[in-house]
Amino acid sequence: MVGRRLYALAFLEHGTRRLHISGLTAHPSRDWAVQQARNVAADLDTRMESLRFLLRDRDGKYGQSFHAVFEADGIDVIKSATSAEDERPP
């Protein structure tokens with residue numbers, strides 16, 4: 001397994017600084033990302049109520065089904081800027 005690339009999906013709770021590594025895979029897909037979202041939501045259970053938003057990158061693997069897992073708990077999903085230049089003041 002030396003040299004094999006694996007992908008991890010991690011969630012960081014800002015307030016508590018808890019890191020949740022939901023899963024590893026060699027072949028990430030939309031279905032895999034949605035399942036990982038469901039897994040972390042189940043693990044967090046009632047603590048989901050204290051979360052207000054999810055900041056994510058713009059990878060295409062995070063589709064509407066991924067968003068729906070969090071939006072069902074009242075969490076706003078926010079996409080990161082497309083590049084650092086987008087965040088510069090005019």
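Roll a 1.4 angstrom probe over the protein heavy atoms and tell me the percent of accessible area of the chain that is carbon or sulfur. Don't skip to the answer; put the middle values down first.
Numbers: 3340 of 6780 Å².
Roughly 49 percent of what the probe reaches on the chain is carbon or sulfur.
Proximity of backbone amide H atoms, modeled 1.01 Å from N, is registered between Leu54 and Asp76, Val77, Ile78 at under 5 Å, excluding neighbours fewer than 5 places apart on the same chain. When the chain is treated as a Gaussian network with alpha carbon springs shorter than 10 Å, the biggest mean-square fluctuation among Ser80, Ser22, Ser65 belongs to Ser80. Note on the chain: with a GNM built from Cα contacts shorter than 10 Å, the maximum mean-square fluctuation among Gly23, Gly15, Gly74 falls on Gly15.
Taking amide hydrogens as placed 1.01 Å from N in the peptide plane, the amide H of Leu9 sits under 5 Å from those of Ser22, Gly23, each at least 5 positions away in sequence or on another chain. For the chain, modelled as a GNM with alpha-carbon contacts under 10 angstrom, which of Thr46, Thr16, Thr25 fluctuates the most? In the Gaussian network model the winner is Thr16. Annotation: per residue accessible area for region 1-45 equals 77 Å², rounded to a whole number [probe 1.4 Å, protein chains only].
The values are calculated or read from the model by the stated rules, or taken from the named source; none is laboratory data. Note that the coordinates shown come from a computational prediction; the quantities given were computed from them, not determined experimentally. Each accessible area value is taken on the protein alone, full model and side chains, heavy atoms only, with ligands, DNA and RNA left out. Shrake-Rupley method; radii C 1.70, N 1.55, O 1.52, S 1.80 Å.
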